[in-house]
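**Q** For reference, the structure I am asking about is given below.
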Amino acid sequence: MNVLSALSQTDLVIIGGGINGAGLAALAAYSGLSVVLFEKGDFASGTSSKSTKLIHGGIRYLEQGRLSLVLGSLRERRHLLECAPHLVHPLPFLLPVYRDDPRPAWKLKIGLWLYDLLAGPRNISRHRWYSPARIHDKVPTLRGQDLTGCGLYFDAQVNDARLVLENILAAQQAGARCLNYCGVTKVESAPDGFKVRYRREGGSIDGTLHTSFLVNASGPWANRTSEILPTHPQKWVRPTRGTHIVVPQVLPEEAILVQARDGRVLFVIPWRGCSLVGTTDLDESGNPDTLQPMESEINYLLKEASRVLPSLDWSRKKVISAFSGLRPLAWTEGGQTSSVSREDRIERQGRTLTIVGGKLTTYQTMARKALKLVQEALGRRKASHGFPSLPGTPQGPWGPFLRDTVSRWRVPNRVDPTLPYHLAKLYGAVGEKVLDLLRNDEKLREPLFNGGQDVAAQIAYAVREEKAVHLTDLLFRRLELGYGPHRWGPVAETASRVMARELDWSEEVRLAELDRYRKELFPAP
């Protein structure tokens, strides 16, 4: 069946359901354009769910003199902390400095002072500097030998996959059509625009759609996408691979910035009861669809983290999981990957636009730039309003909302009384919709694993409201359980059975979904 049977013409087609495509879809639809977004996989299944999960100014870019990038990122950090507090929250970072580090203490003190200055009066909090003795009392697991001091500064952490998803949902609420598992196969020139051919996963050609304007927001796939467009194919991106590992929790509240011996910066970040360590930065010319962590990258991360936290066990067996993503950096020739600009590149060619580069933090800035070019090409009046609110954004301050939620969102008997707090932090204002499901159906009160707070109702909600199609969508991106210690066993079995009920899967399909998920969890070497 034609997935867009009721629609034959649209103002704007966006190829790519990562943060840039999702953000532009939300803003463009809210500004009055008719929008269709195509994503050949699941929303955020590429780069946008495999990041370091930070909303940050980019303190390391100060050393490279990219003050405008840092200033803009800090401005966006402040905005996202205010408009998406259920997804973005402050995170303190420790910055230990050793005698053999590539950056001495005096240089980092200047950088921290400048970082606070650029953040302005609405900074999260001013940095502090600790002597070796004071930081040892605070964090005794830090290596004390040759330690010259330790800074403490603030940035923010984000649920990256859900940030993309909420932008997709906001776009749909504004009238956009956003389709996952539906890829564009060919684009042909047509009067006043293009004819777009698309295909649903597992099917034949579903149909064609005429659009007045087309945006290539496919991130690491941008070079490949350009090959199916009627414009001249070219190299838009220089993909660099970033691998992360998940290990048992190092610190419950603070992240640690590690100065690697090769001059790079790594992070050890508290994440879902574990710690996330990353990232690497290597050129990658392979197929983005088959990207997997390399053992050399995993060993590199373990070795550098152990240098700062030597009393902990950093053996390979401690790695719970690993994942790799590709940064869609704007194309440049030569030079070290770490020196390639993180600035965005948004370029119009007639009635097509390509978006590459940039950061997760600055996605709204990139969407505004892109929409301006689209409106100019279409001869539309520029919209004066900003981004639409995300579905989970509460009405009013986050602190009072979170406190009130615990007492206001009632749960049935024999359900964990802290569940409202958990749902509020994951879903924000719409968390009560998940509670409504389990209030009305006892089967949906089942926890996904012993000791965990996630329940079956969240699976039903992901299928009914959040466009989850496969088990991988649910466990990797809707609930983020796929990288943690409970990613297999009871969680996968329970989740597959609930999804089978929701989607009317046969037992054969359910087992195939389990196998698909298992292969992504444990890829063949």
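**Q** Quick test for you: out of 372, 359, pick the one residue that is basic (Lys, Arg), surrounded by 15 or more Cβ atoms within 10 Å (Cβ to Cβ) and in contact with a Lys or Arg (Cβ under 8 Å, 6 or more places away or on another chain).
**A** 359 is the lone residue from the list that is basic (Lys, Arg), surrounded by 15 or more Cβ atoms within 10 Å (Cβ to Cβ) and in contact with a Lys or Arg (Cβ under 8 Å, 6 or more places away or on another chain).
**Q** Here are some residues: 245, 228. Which one is assigned to a strand (DSSP E or B) and either over 30 Å from residue 312 (Cβ atoms) or in contact with a strand residue (DSSP E or B) (Cβ under 6 Å, 6 or more places away or on another chain) (or both)?
**A** Exactly one of 245, 228 is assigned to a strand (DSSP E or B) and either over 30 Å from residue 312 (Cβ atoms) or in contact with a strand residue (DSSP E or B) (Cβ under 6 Å, 6 or more places away or on another chain) (or both), namely 245.
**Q** Against the conditions (1) touching an Asp or Glu at 6+ places or on another chain (Cβ under 6 Å); (2) crowded, with 18+ Cβ neighbours inside 10 Å; (3) of a type in the set (D, E, K, R), where does residue 162 fall short? Just the number, please.
**A** If we test residue 162 against (1) touching an Asp or Glu at 6+ places or on another chain (Cβ under 6 Å); (2) crowded, with 18+ Cβ neighbours inside 10 Å; (3) of a type in the set (D, E, K, R), just (1) comes out false.
**Q** With respect to residue 14, determine if the residue is among the hydrophobic types (A, V, I, L, M, F, W, C), closer than 17 Å to residue 165 by Cβ and in contact with a strand residue (DSSP E or B) (Cβ under 8 Å, 6 or more places away or on another chain).
**A** For residue 14, the condition - among the hydrophobic types (A, V, I, L, M, F, W, C), closer than 17 Å to residue 165 by Cβ and in contact with a strand residue (DSSP E or B) (Cβ under 8 Å, 6 or more places away or on another chain) - is met.
**Q** Restricting the stretch 419-467 to residues that are touching a residue at least 60 places away in the same chain (Cβ under 8 Å) and among the hydrophobic types (A, V, I, L, M, F, W, C), which is nearest to residue 516 (Cα to Cα)?
**A** Top of the filtered list is 426.
**Q** Another question, if that's okay. Specify the residue that is nearest to the chain's Cα centre (by Cα); the eligible residues are those in the stretch 113-147 that are among the hydroxyl-bearing types (Ser, Thr, Tyr) and surrounded by 15 or more Cβ atoms within 10 Å (Cβ to Cβ).
**A** 115
**Q** Here's something else I'd like to know. Test residue 218 against the stated conditions and say whether it is of a type in the set (Ser, Thr, Tyr), more than 30 Å from residue 147 (Cβ to Cβ) and in contact with a helix residue (DSSP H, G or I) (Cβ under 9 Å, 6 or more places away or on another chain).
**A** Yes: the conditions hold for residue 218.
**Q** Same structure again: Looking for whichever is farther than 20 Å from residue 134 by Cα and crowded, with 17+ Cβ neighbours inside 10 Å here; the options are 108, 69. Which one fits?
**A** Result: 69 is the single residue among 108, 69 that is farther than 20 Å from residue 134 by Cα and crowded, with 17+ Cβ neighbours inside 10 Å.
**Q** Within the stretch 380-396, is there a residue that is assigned to a helix (DSSP H, G or I), crowded, with 20+ Cβ neighbours inside 10 Å and hydroxyl-bearing (Ser, Thr, Tyr)?
**A** no
**Q** Among the strands (runs of 3 or more DSSP E) lying completely within the stretch 137-214, list those that include at least 2 residues that are of a type in the set (S, T, N, Q).
**A** Those strands (runs of 3 or more DSSP E) span 147-158, 182-190.
**Q** Looking only at residues that are of a type in the set (Asp, Glu) and over 12 Å from residue 463 (Cβ atoms) in the stretch 489-512, which one is surrounded by the most Cβ atoms within 10 Å (Cβ to Cβ)?
**A** 493
**Q** Here's a check for you: in the stretch 181-196, which residue that is buried (at least 16 other Cβ atoms within 10 Å of the Cβ) and modelled with pLDDT of 95 or more is nearest to the chain's Cα centre (by Cα)?
**A** Here the residue is 181.
**Q** Still on this structure: Kindly indicate whether residue 15 is farther than 16 Å from residue 358 by Cβ and touching a residue at least 40 places away in the same chain (Cβ under 8 Å).
**A** yes
**Q** Do any residues in the stretch 44-59 that are within 18 Å of residue 89 (Cβ to Cβ) have Cβ atoms under 8 Å from those of residues that are at pLDDT 95 or above and part of a loop (DSSP other than H, G, I, E, B), where the two are at least six apart or on different chains, and which pairs are they?
**A** The qualifying pairs are 53/159.
**Q** Only one residue in 466, 442 is surrounded by fewer than 23 Cβ atoms within 10 Å (Cβ to Cβ), more than 25 Å from residue 83 (Cα to Cα) and either in contact with a Gly (Cβ under 9 Å, 6 or more places away or on another chain) or assigned by TED's automatic domain parsing to the domain that holds residue 513 (or both). Which one?
**A** So the residue among 466, 442 that is surrounded by fewer than 23 Cβ atoms within 10 Å (Cβ to Cβ), more than 25 Å from residue 83 (Cα to Cα) and either in contact with a Gly (Cβ under 9 Å, 6 or more places away or on another chain) or assigned by TED's automatic domain parsing to the domain that holds residue 513 (or both) is 442.
**Q** Does the stretch 397-440 hold any residues that are within 22 Å of residue 478 (Cα to Cα), part of a helix (DSSP H, G or I) and of a type in the set (Val, Ile, Thr), and which are they?
**A** Result: 405, 430, 434.
**Q** Let me ask something additional. Within the stretch 253-308, can you find the residues that are modelled with pLDDT under 95 and of a type in the set (Ser, Thr, Tyr)?
**A** Scanning the stretch 253-308 gives 279, 280, 285, 290.
**Q** For the stretch 408-421, what are the residues that are surrounded by fewer than 18 Cβ atoms within 10 Å (Cβ to Cβ) and under 25 Å from residue 83 (Cβ atoms)?
**A** The answer is 408, 409, 421.
**Q** Hey, another quick one. Does residue 168 meet the test of being assigned by TED's automatic domain parsing to the domain that holds residue 18, under 30 Å from residue 49 (Cβ atoms) and touching a Leu at 6+ places or on another chain (Cβ under 9 Å)?
**A** Answer is yes for this residue.
**Q** Separate question: If I ask for residues that are within 25 Å of residue 482 (Cα to Cα) and either surrounded by fewer than 23 Cβ atoms within 10 Å (Cβ to Cβ) or out of contact with any Asp or Glu (no Cβ under 7 Å at 6 or more places or on another chain) (or both), which ones from the stretch 26-43 would you list?
**A** Residues satisfying the conditions are 38, 39, 40, 41, 43.
The values are calculated or read from the model by the stated rules, or taken from the named source; none is laboratory data. Just so it is clear, the model here is predicted, and its values are computed rather than measured. So basically every Cβ, Gly included, is an ideal-geometry build from the backbone, and we count neighbours across all protein chains shown.
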